[in-house]
Amino acid sequence: MFTVELYAGIRRAVMVDGLSRREAAKRFGVHRNTITKMLQFSIPPGYRRRERPASKKLGPYMAWIDKVLEGDRSVHKKQRHTAHRIFERLRVEEGFSGGYTIVREYVAQVTLRAREMFVPLSHRPGHAQADFGQADGYIAGKKVRFHYFCMDLPHSDGCFVKAYPAETAEAFCDGHVAAFDFFGGVPQSILYDNTRLAVARIVKCGQRLRSQMFAELQSHYLFNDRFGRPGKGNDKGKVEGLVGYARRNIMTPLPVAESFDALNAGFLDACAKRRQAILRGHTTTIAERMQADVAAFMPLPPAPYDACHKVATRVSSLSLVRYKNNDYSVPTRYGHQEVLAKGYVDRVEIACRGETIAVHARSYETADFVFNPLHYLALLEHKSKALDQAAPLDDWRLAECIHRLRRLMESRMANAGRREFIQVLRLMEDFHQHQVEQAVAEALRLGAISFDAVKMLLLARLENRPARLDLTFYPYLPAATVGATDPRAYLGLIASAGPLPATAGVSA
């Protein structure tokens, strides 16, 4: 290979000194054609092959390899052909007699040509992208895998992150409501993948049929929805990047919190602090660039969307309502009636004829029973023998004074005492449990073992007045009559006692 110095000498001799190519060839000892090439390049261009020559042995089998690799595009990536597997199949199925190296190099060349290329994109203010991610953390001392909703503003890189126990439709919609409130407006459009939380079905020509809940959310906030190509996460690369950023930075090390509310408070704080960052390729902070996003947002509606999943159902004979494979109790007077179960992220509300009749913390277990013991007390008052075996009361934690009151009542009045004890428990339908327990403890101290005494003491404490028990409600107690004091009665006592004895040392 010729050196750069030789190139420079020949080029100067011909192009500056005016030496002919024939004379330069004689002087420098190179061929005239080489002189011509040197005049075209200032440095040696090196050996350049326009296209790798096809192997004579592999040539007849290239079409077969291309067909195999083309078919792999529709196969799970962990079950696609390796170069070694293609080589084995060529030998067994096609009688290939060449070596492995030429097969490996050809497969690598075809794979490289098939890799997708992308166009750099610019993002206008006022638009967003949304997606879900997964991470682990400790909630109330227990390690759980939670799902977190992310919304990214591609123009400014403003972000929002909120964690949920599960990736459900109500979590998806609640994430939008919380994000809009955090940003202070509604984006003009939001880009999604083809999640079933938003897309019920893809029909001909790529048209998406929205899910019912997502359609309601969109109608409430009036943003446009856009969807990426199925299986192409790079179509919404900004929010995909946010999902990874949140997991690596906000959730590493594993977050620890007492509840999801506390966990999300920390995430919200991290998103707010990130607004002061200046990212690569920018000269201003995220907060400064977000001003253009906020200016392009649509205003929030007067009231937020009620992000819940509604199911019309019926109360069972056990006074239970089934929602998402879990059973929730309602008061027994609503048995066998039509109700509406509303599933929120953190709770389940049950309504009958427009009235909310029960509210429970939501369970994400399977085939779980969620009871409120108060819902069954009215029925137990008539079926008092079921008190000890009532499943809704199994996990009900009551103060020791409550159990002592029951023992005393049953020992004095047997079955009637058990029913009166249930009446005491029913006071908790209208008053807080700790207030009833305080009244029971006071009744035990006074020895007033009855429902009326407990109720009277409870009301007296709440009304801040002295407790006065009306004995007319207790005809079985012995009555005591005390008359007014008469001075003449004292003289009668003296007459019946006889003359007073004389005092020693006193004469008549």
Problem - Residues of the range 293-308 classified as open to solvent by 40 Å² or more (accessible area, probe 1.4 Å) and either touching a Lys or Arg at 6+ places or on another chain (Cβ under 7 Å) or of a type in the set (Gly, Ala, Ser) (or both), total - result: 2
Fill in the blank from the handout: Sole miss for ALA391 among (1) surrounded by 16 or more Cβ atoms within 10 Å (Cβ to Cβ); (2) under 30 Å from ASP327 (Cβ atoms); (3) modelled with pLDDT of 95 or more is condition (1)
Handout entry: Which numbered condition SER384 misses (of (1) closer than 24 Å to LEU425 by Cβ; (2) at pLDDT below 95; (3) of a type in the set (Ser, Thr, Tyr); (4) surrounded by fewer than 13 Cβ atoms within 10 Å (Cβ to Cβ))
Key = (4)
Handout entry: Residue list for the range 197-225, restricted to those being touching a helix residue (DSSP H, G or I) at 6+ places or on another chain (Cβ under 9 Å) and open to solvent by 80 Å² or more (accessible area, probe 1.4 Å)
Key = ARG210, GLN212, ASN224
Practice task
Within the range 227-253, track down each residue that is surrounded by 14 or more Cβ atoms within 10 Å (Cβ to Cβ) and either touching a Ser or Thr at 6+ places or on another chain (Cβ under 8 Å) or not hydrophobic (A, V, I, L, M, F, W, C) (or both).
Solution key: GLY228, ASP235, LYS236, GLY237, LYS238, GLU240, GLY241, TYR245, ARG247
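Quick grid of which residues meet (1) free of Cβ contacts under 8 Å to residues at least 12 places away in the same chain; (2) farther than 30 Å from GLU338 by Cα; (3) part of a loop (DSSP other than H, G, I, E, B):
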site: ASP269; (1), (2), (3): yes, yes, no
site: PRO301; (1), (2), (3): no, yes, yes
site: LYS310; (1), (2), (3): no, no, no
site: SER316; (1), (2), (3): no, no, yes
Handout entry: Residue selected from the range 318-329 under the condition free of Cβ contacts under 8 Å to residues at least 24 places away in the same chain and closer than 21 Å to MET213 by Cα, by the criterion surrounded by the most Cβ atoms within 10 Å (Cβ to Cβ)
Key = LYS324
Completion exercise
The number of residues in the range 330-342 that are surrounded by fewer than 19 Cβ atoms within 10 Å (Cβ to Cβ) and in contact with a helix residue (DSSP H, G or I) (Cβ under 6 Å, 6 or more places away or on another chain) is 1
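For every residue, the table says whether it meets (1) in a loop (DSSP other than H, G, I, E, B); (2) of a type in the set (S, T, N, Q); (3) modelled with pLDDT under 90.
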site: ASP17; (1), (2), (3): yes, no, yes
site: LEU39; (1), (2), (3): no, no, yes
site: SER42; (1), (2), (3): yes, yes, yes
site: ILE65; (1), (2), (3): no, no, no
site: GLU70; (1), (2), (3): no, no, no
Handout entry: Verdict on ALA378 being over 28 Å from PHE260 (Cβ atoms) and touching a Gly at 6+ places or on another chain (Cβ under 6 Å)
Key = no
Practice task
Name every residue in the range 64-90 that is among the basic types (Lys, Arg) and open to solvent by less than 70 Å² (accessible area, probe 1.4 Å), in order of residue number.
Solution key: ARG89
Completion exercise
Output for Cβ contacts, cut-off 6 Å, separation at least six or different chains, first residue among the hydrophobic types (A, V, I, L, M, F, W, C) in the range 1-17, second assigned to a loop (DSSP other than H, G, I, E, B) and open to solvent by 70 Å² or more (accessible area, probe 1.4 Å), reads VAL4/ILE43
Problem - Qualifying residue in the range 45-63 (condition: open to solvent by 70 Å² or more (accessible area, probe 1.4 Å), out of contact with any Gly (no Cβ under 7 Å at 6 or more places or on another chain), modelled with pLDDT of 85 or more and not in a helix (DSSP H, G or I)) - result: no
Fill in the blank from the handout: Wholly inside the range 82-166, strands (runs of 3 or more DSSP E) that include 3 or more residues that are closer than 30 Å to LEU263 by Cβ and among the small types (Gly, Ala, Ser) are 127-139
Handout entry: Matching residues, the range 158-180, being under 16 Å from ALA270 (Cα atoms) and either open to solvent by 10 Å² or more (accessible area, probe 1.4 Å) or of a type in the set (A, V, I, L, M) (or both)
Key = VAL161, LYS162, ALA163, ALA178, ALA179
Practice task
Looking only at the range 362-370, decide whether some residue is over 21 Å from GLN433 (Cα atoms), among the polar types (S, T, N, Q) and either open to solvent by less than 30 Å² (accessible area, probe 1.4 Å) or not in a loop (DSSP other than H, G, I, E, B) (or both).
Solution key: yes
Problem - So GLU410, is it of a type in the set (D, E, K, R), within 27 Å of GLN389 (Cβ to Cβ), modelled with pLDDT under 95 and surrounded by fewer than 19 Cβ atoms within 10 Å (Cβ to Cβ) - result: yes
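The values are calculated or read from the model by the stated rules, or taken from the named source; none is laboratory data. Note that the structure is a prediction, hence the values are computed from the model and not measured. Neighbour counts run over all protein chains shown; Cβ positions are idealised from the backbone, glycine included. Only protein heavy atoms, including side chains, enter the accessible area calculation; ligands, DNA and RNA are left aside. Shrake-Rupley method; radii C 1.70, N 1.55, O 1.52, S 1.80 Å.
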